[in-house]
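I have placed the structure first, in the form of structure tokens, so that the comments after it can refer back to it.
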Amino acid sequence: MSLATKNSFFRHRGPALAVAALASLGVSYAALAQDQGDAPPPKVSIAAAYTEEITDEAVFIGRAEAIDKVDIVARVNGFLETQDVEDGALVEKDDLLFTIEPDLYEATLESRKADLDRAEANLELAKVDLARKEELYRRDATPESERDIARANELVAEAEVKAAHAAIQQAELDLSYTEIHAPFAGRIGRVETSVGDVVGPTNPPLVNLVSEAPIYVNFSLNEKQFTSVLEQYGESAASLAESNKSPNVHLTLPNGTALDETGEIVFVDNRIDPLTGAITVRAEFPNADRLIIDGQFLSVQIEALEPTLQVLIPQAALQRDQRGEFVLVVNDKQMVEQRYITTGDVEGTAIIVTDGLREGESVIVEGLQRVRPGVAVDAVVASEQPGE
């Protein structure tokens, strides 16, 4: 039985048995070389390529976007009377943020109420006059034109009452604008004005308000990636954001820390951008710890639905030259072979091999500087075998 075959056999029978067998082969080979009077071959440590179920992830660059964000602008003119929050404060919906001097608007409201009283009095007078003219018209004591004029005056008076009511509503609305409240819960930025400044609709915003939890993260998939996601999950673009089979979305923060929250896709755009060949996807995260900030760039990972069996080797076995990545393999004759491989993602201290190596084949992880392809070696099992 070849060494590679034995490695595969022992791996499936248990890591302890594989280590013992590889060690035994190495010792026997060294003893045989000494019996023949030859110089002992260089000693190297080897590890067997192993398989493991890996859940693939696609990684993209995403950008955080607050669900709600707004510039707070004064809707009436006046002096800023109070600032009721500190820069960067967390606020709840309807919390008072600023007060603009209300005196002028209170006086205007009282004036509009007086206008209403005057209009209602004129309406009463017009009604009395109309009733008198109609009675005189029935007695043929006044011409019809007088009755018609009285009726028109009543209609004018009714319109003036309605206008007075509307003016009161506008005055009340203006007065309400002198108190500026938070339209939603969130965190305010830096206040851009001071108490005593004249503010109004044409002035710059007083401050901006951004909601922090939950929060969106937008990222883009190219046409090939997006089609693969749809095929894998068996969903259409419209249903991907609504289905319970929607893939899990994970984030890596700018400092390299993995966010301990799972997001879900809530929106997929309805077209591919012809300039970039990509489609925008939006995921929503609870952001309970407020670690995601509006406008922040993040690494986004879409988790695959089913894990796949992958071949892995220790990263210590991997070498590179101008041609590419390679490993030194110890074959069943204890000879060194140079093998160029194709690698995938890193998994801890191991790396995925997508092509060029099979499970059970032994690669050198220590003593690489003492050997070259085509020489015999004394192979011993590394003290720590990956995948155990």
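Some notes on this structure:
- Residue pairs whose Cβ atoms lie under 6 Å apart, sitting 6 or more positions apart in sequence or on different chains, and linking a residue in the stretch 108-128 that is more than 12 Å from ILE168 (Cβ to Cβ) and open to solvent by 80 Å² or more (accessible area, probe 1.4 Å) to a partner that is modelled with pLDDT under 95 and assigned to a helix (DSSP H, G or I), are LYS127/GLU154.
- Screening the candidates ALA152, ALA141 for the property of being at pLDDT 90 or above and among the small types (Gly, Ala, Ser) yields one hit, ALA152.
- Residue among ALA48, ALA30 that alone is at pLDDT 90 or above, of a type in the set (A, V, I, L, M) and within 30 Å of VAL371 (Cβ to Cβ): ALA48
- Selection from the stretch 281-317 of residues that are surrounded by fewer than 17 Cβ atoms within 10 Å (Cβ to Cβ), part of a strand (DSSP E or B) and at pLDDT 90 or above: PHE297
- Qualifying residues in the stretch 199-255 (those that are aromatic (Phe, Trp, Tyr) and part of a helix (DSSP H, G or I)) - the one modelled with the lowest pLDDT: TYR233
- Test: residue in the stretch 227-235 that is open to solvent by 60 Å² or more (accessible area, probe 1.4 Å), touching a Leu at 6+ places or on another chain (Cβ under 9 Å) and aliphatic (A, V, I, L, M): no
- Residue in the stretch 128-143 that is nearest to LEU155 (Cα to Cα), counting only those that are assigned to a helix (DSSP H, G or I) and among the acidic types (Asp, Glu): ASP129
The values are calculated or read from the model by the stated rules, or taken from the named source; none is laboratory data. As the structure is a computational prediction, the values presented were derived from the model and not from experiment. Here Cβ is always computed from backbone atoms with ideal geometry, including for glycine, and neighbour counts include all displayed protein chains. Just the protein is used for accessible areas: all its heavy atoms, side chains included, with ligands, DNA and RNA removed. Shrake-Rupley method; radii C 1.70, N 1.55, O 1.52, S 1.80 Å.
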